[in-house]
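Structure first, then comments.
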Ligand SMILES: [Zn+2]
């Protein structure tokens with residue numbers, strides 16, 4: 001199986017095109033900007049590929065923006081995608097338009113939330129024309145997030161987890177994200193994974209890099225949750241707690257967008273589920 005990555009101008013997003021020796025192809029998360037779709041189509045044409053599947057790691061707008069040009073191809077994604085409420089689907093579609101506006105591009109198709117032909121349960125073994133894959137739920141970044149493993153190739157596609165940015169991006173929940181990191185850790189061990197390919201930025205090219213990135217993300221989560229516990233015990237106001245959490249994890253004195261989002265997620269989670277700690 002060949003692995004081709006196509007980088008978008010949007011946040012170093014990468015679409016993956018997997019190709020079998022028999023020229024069967026599978027796309028993972030098909031592009032953000034219209035030019036990304038053109039490039040993918042051209043690649044398939046130039047190499048006379050038979051596109052047989054589109055796989056979604058999750059349904060944030062940047063991951064499905066360029067789905068409509070490939071909509072005749074069977075689609076695969078977590079069964080949890082089906083549970084996504086209409087209002088959140090609409091938001092995801094709005095996000096696509098906001099990206100296109102920002103880049104001053106227009107697509108010849110309307111952005112649409114993707115249809116999922118094969119909703120997959122956790123730990124589903126998939127026989128794809130490019131090879132056998134294992135589809136594993138990894139919620140935390142989003143509720144419908146999954147990782148895709150190709151055991152024979154010892155490669156794992158991690159979606160929006162294990163991206164090499166200063167802080168992970170946690171929109172669904174801290175406990176889920178932490179547990180998903182443990183799930184990834186177990187998969188890496190079980191299948192002797194040598195390469196982790198995230199949807200944004202560079203891949204992790206060795207078991208050492210993979211372990212280090214997993215540990216870095218776990219440590220960030222432990223630290224944020226621990227600090228929240230300490231602040232909570234001091235009976236500070238909600239605003240003061242939030243301000244502390246933001247400042248304590250600023251990178252070079254800058255509070256990153258991801259951390260701001262993470263703090264909101266954690267405070268919401270803490271309020272609805274009550275205080276929690278994490279297994280070390
Ligand atoms: Zn995402």
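Computed from the coordinates by the stated procedures, all read-outs in this text should not be read as laboratory data. Quantities reported herein were computed from a predicted structural model and do not represent experimental measurements. Cβ coordinates were reconstructed from backbone atoms using ideal geometry, including for glycine residues, and neighbour counts include every protein chain displayed.
Dividing the radius of gyration of the alpha carbons in segment 116-173 by their Kirkwood radius gives 1.01 for Rg/Rh. On C-alpha positions alone, give me the angle between the axis of helix 207-233 and the longest principal axis of the chain, in degrees, nearest 10. Long axis of 207-233 versus the principal axis of the chain: about 30 degrees. Separation of segment 44-62 and segment 202-255, taken as the distance between their Cα centroids, equals 35 angstrom.
Relative to the dominant Cα principal axis of the chain, helix 238-248 is inclined by about 70°. Restricting the calculation to alpha carbons of the chain gives Rg and Dmax of 19.1, 64 angstrom. Look at 161, 1 and count the other Cβ atoms within 10 Å of each Cβ; fewest to most, that gives 1, 161. Only beta bridges with both residues in segment 2-215 are counted; by DSSP, about 65 percent of them are antiparallel. For the chain, the longest principal axis of the alpha carbon atoms and the long axis of helix 257-273 meet at an angle near 70°. In terms of Cα atoms, the Rg and Dmax of segment 162-280 work out to 15.1, 47 Å. Short-range pairs are left out: with C-alpha atoms under 8 Å and at least six residues apart, the relative contact order of the chain is 14 percent. Among 220, 177, 118, the order by Cβ neighbours within 10 angstrom, fewest to most, reads 118, 220, 177.
Taking the number of Cβ atoms within 10 Å of each Cβ as an exposure proxy, the fewest-first ranking of 134, 128, 40 is 134, 128, 40.
With contributions of -39500 (n - 2.57) from each DSSP H run of at least four residues, the per-residue ellipticity at 222 nm computed over the chain stands at -12500 deg cm²/dmol.
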